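The values are calculated or read from the model by the stated rules, or taken from the named source; none is laboratory data. All values derive from a computational prediction rather than experimental measurement. In this analysis, Cβ positions are derived from the backbone assuming ideal geometry, glycine residues included, and neighbour counts consider all displayed protein chains. Areas reflect the complete protein model, heavy atoms only, side chains present, ligands, DNA and RNA absent. Shrake-Rupley method; radii C 1.70, N 1.55, O 1.52, S 1.80 Å.
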Amino acid sequence: MRRLTPALALCSLLVAASPAEAAHQPAHRDAYGTKATYTPEQNPRTYQRPPAGFAPVFTENVSRHGSRSATDSEDGDLILALWGKAETEGGLTRRGKEFGPTVRALMDAMAKVGYGNLSGRGEREMRDTAVRAQRRLPGLFARIADRGEKIDVVSSGQGRAVDSGNEFTGALAEADPALKPLIGPARTDKDLLYFHKSAGGAAYRDYVENDQRLATTLKSITDQPRTHRAARSVLREIFKSDFVAGISEEDRVAAAQAVYNLYAIAPAMSEESPGGRGWAMDRFISRRDAAWFGYLGDTEDFYEKGPGFADSDITYKMAGVLLDDFFKQIEAKRAGTSDLGAELRFTHAEEIIPLAALMGLPGSTEPAAPGRPYTYVSNPWRGASVAPLGANIQWDVFSKGNRYLVRMLYNERETAFKQDCHPITKGSRFYDVNELERCFGRG
């Protein structure tokens, strides 16, 4: 295939983004990117049964924290300052007059929760996921209680991850009080669950901060006519045309981005809304414009955390420490050197996204080829599917004699391991541990 020059590459992106702009439009959930709230992706009644004679002996997970408030007030402060100026100058649309009070109420709710902290919805997501895990493996948790096995809890140490672990384990203990004394004190391991900020992420941080190809690629995708049209469209929902015309192009994009960011975080704060009915932020941004800004957010996450460029593994190589830990836990169980019945880990999108790429999970298998920028047309990667709020990867371990099998759930959907790994039978979701060690190169 002929390699595209940077100019032709940008042209190809623009073609995909014009009346094929429709092709860029994701399903409504995708417009929220990694701020999408959590939904389990499979009915547990449809899970495959383990082969005859195999019983659950261990489970382990890694979970992104649940839904949260915005990490700071920057977006709200920016757009409310502009809104206040427009109110003074008579520059608000009829709908725009509703916007300021809605944003103020949302910001007050986030300040009350605490910026960056779990919301009521996030707490419920963690509790519900724990209850489903207990119901999925009642025999395992009965075994843990009967044998006095331990449940290890580890997090990044960040508040929302710590709180997610507490909600999860609290729900387990409530479902079966015999588990409560077996749940260990939560511990922190930043090298394992905050690796993008630890010593192991030094090369990655240099890439994000200094890589010129990354900077050029993101700028070429973001700074194009479609973005400026979308920004004007967003602002005209709130401000009169004359007022929008007086805002510089750069400031329009920043203001529209702030509106989108508030729209994206609002569902995570649904339980703090008046009457718990939600904030209805979609009144102020069209699906078309939300989809575009959602795509831009996915673009940044794809190149900075996900599959990235085809000739580099800098975005996900550091997740090897977490994948290694999954195997080490199972290997210790098989060797009889572990007294754990469950290993529960709580972390962030910055860890889930690269782990999904390293493991070759669905949607994370295709990097961007040279000269072919990431688009929704050319690549299946979507932040809302790869790492929504509350995203999780779970390995359930079953044994029969000396043989151990693993079943993987990704956001609670039974999921095949990467193509090089062979299940015990065609179509099965169960894999021999020896086979997984082979295909992941742990021999």
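Overview of values
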read-out	value
Matching residues, the range 229-242, being open to solvent by 40 Å² or more (accessible area, probe 1.4 Å), in contact with a helix residue (DSSP H, G or I) (Cβ under 8 Å, 6 or more places away or on another chain) and in a helix (DSSP H, G or I)	Arg232, Ser233, Arg236, Glu237
Single residue of the range 273-289 satisfying the filter (in a helix (DSSP H, G or I) and open to solvent by less than 20 Å² (accessible area, probe 1.4 Å)) that is farthest from Arg104 (Cα to Cα)	Asp289
Near pairs, Cβ below 8 angstrom, 6+ apart or cross-chain, from the range 243-272 (open to solvent by 40 Å² or more (accessible area, probe 1.4 Å)) to any residue that is not acidic (Asp, Glu) and not in a helix (DSSP H, G or I)	Asn261/Ala70; Glu271/Ser119; Glu272/Ser119
Subset tally (residues that are out of contact with any helix residue (DSSP H, G or I) (no Cβ under 9 Å at 6 or more places or on another chain) and part of a helix (DSSP H, G or I)) for the range 51-101	3
Candidates Lys418, Lys400, filtered to the one that is in contact with a Gly (Cβ under 6 Å, 6 or more places away or on another chain), more than 22 Å from Gly341 (Cα to Cα), surrounded by fewer than 20 Cβ atoms within 10 Å (Cβ to Cβ) and modelled with pLDDT of 95 or more	Lys418
Yes/no for Gly96 being farther than 30 Å from Ser248 by Cβ, in contact with a strand residue (DSSP E or B) (Cβ under 9 Å, 6 or more places away or on another chain) and buried (at least 19 other Cβ atoms within 10 Å of the Cβ)	no
Yes/no for Ala215 being open to solvent by 20 Å² or more (accessible area, probe 1.4 Å), under 26 Å from Val321 (Cα atoms) and free of Cβ contacts under 8 Å to residues at least 24 places away in the same chain	no
Flag for Val406 being open to solvent by 50 Å² or more (accessible area, probe 1.4 Å), out of contact with any Pro (no Cβ under 7 Å at 6 or more places or on another chain) and among the aliphatic types (A, V, I, L, M)	no
Residue in the range 187-212 that is nearest to Thr315 (Cα to Cα), counting only those that are under 19 Å from the mean Cα position of the chain (by Cα) and hydrophobic (A, V, I, L, M, F, W, C)	Val208
Residue count, the range 64-93 (criterion: of a type in the set (Ser, Thr, Tyr) and surrounded by fewer than 23 Cβ atoms within 10 Å (Cβ to Cβ))	4
Residue match in the range 8-29 (condition: open to solvent by less than 50 Å² (accessible area, probe 1.4 Å), at pLDDT 85 or above and in a helix (DSSP H, G or I))	no
Filtered residues of the range 309-353 (kept if outside any strand (DSSP E or B), more than 16 Å from the chain's Cα centre (by Cα) and of a type in the set (Gly, Ala, Ser))	Ala310, Ser312, Gly320, Ala332, Ala335, Gly336, Ser338
Val131 being out of contact with any His (no Cβ under 8 Å at 6 or more places or on another chain), aliphatic (A, V, I, L, M), surrounded by fewer than 21 Cβ atoms within 10 Å (Cβ to Cβ) and in contact (Cβ under 8 Å) with a residue 40 or more places away in the chain	yes
Condition broken by Arg442, with the remaining ones in (1) touching a Leu at 6+ places or on another chain (Cβ under 9 Å); (2) of a type outside the set (Val, Ile, Thr); (3) in a strand (DSSP E or B) satisfied	(3)
Residues of the range 387-416 that turn out to be in contact with a Lys or Arg (Cβ under 9 Å, 6 or more places away or on another chain) and in a loop (DSSP other than H, G, I, E, B), as a count	9
Residue count, the range 160-187 (criterion: touching a strand residue (DSSP E or B) at 6+ places or on another chain (Cβ under 8 Å) and open to solvent by 30 Å² or more (accessible area, probe 1.4 Å))	8
Count of the range 335-380 residues which are surrounded by fewer than 22 Cβ atoms within 10 Å (Cβ to Cβ), closer than 29 Å to Ile144 by Cα and hydroxyl-bearing (Ser, Thr, Tyr)	2
Subset of the range 99-119 that is in contact (Cβ under 8 Å) with a residue 60 or more places away in the chain and open to solvent by less than 10 Å² (accessible area, probe 1.4 Å) - its residue that is nearest to Thr347 (Cα to Cα)	Ser119
Test: Ser428 is of a type in the set (Ser, Thr, Tyr) and either crowded, with 22+ Cβ neighbours inside 10 Å or in a helix (DSSP H, G or I) (or both)	no
